[in-house]
Each structure stands twice: as structure tokens, then as C-alpha cells.
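Student: Please see the structure below; I have some questions.
The values are calculated or read from the model by the stated rules, or taken from the named source; none is laboratory data. Keep in mind the model is a prediction, meaning the values are calculated, not measured. For neighbour counting, all protein chains shown are included, and Cβ atoms are generated from backbone atoms with ideal geometry for every residue, glycine included. Calculation scope for accessible area: heavy atoms of the full protein, side chains included, ligands and nucleic acids excluded. Shrake-Rupley method; radii C 1.70, N 1.55, O 1.52, S 1.80 Å.
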Amino acid sequence: MFILSPAGYGTTTVLMSVAVRLVKERVGPVYFLKPTAQILEGDVEFSASLTTDVTCFVVDNVAECASALQRVVTHMRNLGRPAIFLCGARLNEWRQRNIRISGKEYPIEVLSDVEIDRLLDCLGRHHELNKLEPLSRDLQFSVVKGKLGKELLVAMREATEDKQFDTILESEY
């Protein structure tokens, strides 16, 4: 299963949320690959051998290790061991890989109008509207909606801090 989105759309957050839910519902063991770690056939095989339940492996930024994942998936199939791979990637990076791994893809889409309203409510409750605070709700909504053609986190920073992308990059780096 692949969670795909542009950068800044919360792929890592979605992966972590799903992993927590799998643990809470006692689906089976859940392993999260560390960002700097490599996915290895032997490690996955060993982890899956520790239980009779289906084992879930969560891999973020999977485009970086797509070839290794393909080898691991093939290895597990050859062994007949059930395993679930929940993977996240930036859509553009994933599409550039020439990998033959079958799996359902779930894209994270741009926020809907209802989601924008809920986001503004949440920002308001936590006093994080910043530059949007003095604006009417209609103007707040318009500012966020107008920024959403960009990556989500950049759009939110531009909207709430009233800074342009270049200024945000300069302040970050």
C-alpha cells in the first residue's frame, strides 16, 4: 500500500497515524523503518518470523529504497510469509522510479473546502492564525484556498505568516 503526495502534505503523519491504529487494533506487529536505515531481506524475514500474525512494515520516503523494497517483497513472497508494507513517498519521486511492486496507491489530495474550514477552526483554537487573525472568516478562507496550489506546508506558512516562499526558505536555511 502506498501513500503518495507532494512534499509537505503530511505523508509521514498519515503513516504514523495508520501505524498507531494498527497497533491499537492489535492487527499484528508493526515495524517502522528508521529514516537512515536500510531495508534488508534478512531483517524483514527475521521480524516476520517472530509471530504467526501478519507483520506490518512501515517505510517512509520509500522512493529512496525502492529497489531494496522490491527485493524484500519478492523474498517474502518466495518464502510464503505474509507481510504488509505500508509505504509513503513524494508522488514525483515515486513516479520517477522504475519499480515493479504491485500495491494500492492512495494519494493525499489538496484540502477540500470543508477541510479548509476545519483547519482554520483548529488554527484558531490554538491561536496559530497569526496574520490571518484580524481577517474575516471569508478572507481567511480565500487566502488559504488561494495558496493551496503550492505544497501544503508552504501554503500554510505563507498564509499565516504573510511571507513569500523565498523569504520562508531564507529564514529556514
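Student: Being among the hydroxyl-bearing types (Ser, Thr, Tyr), closer than 27 Å to residue 23 by Cα and modelled with pLDDT of 90 or more, is that true of even one residue in region 100-115?
Tutor: no
Student: For residues that are in contact with a Cys (Cβ under 7 Å, 6 or more places away or on another chain) and among the aliphatic types (A, V, I, L, M), tally how many sit in region 21-67.
Tutor: Qualifying residue count for the region: 6.
Student: Do the conditions hold for residue 159, that is, is it at pLDDT below 85 and in contact with a Lys or Arg (Cβ under 7 Å, 6 or more places away or on another chain)?
Tutor: Yes.
Student: Can you tell me which residue in region 97-120 is nearest to residue 147 (Cα to Cα), limited to those that are in contact with a helix residue (DSSP H, G or I) (Cβ under 9 Å, 6 or more places away or on another chain) and open to solvent by 90 Å² or more (accessible area, probe 1.4 Å)?
Tutor: Looking at residues that are in contact with a helix residue (DSSP H, G or I) (Cβ under 9 Å, 6 or more places away or on another chain) and open to solvent by 90 Å² or more (accessible area, probe 1.4 Å), I get 106.
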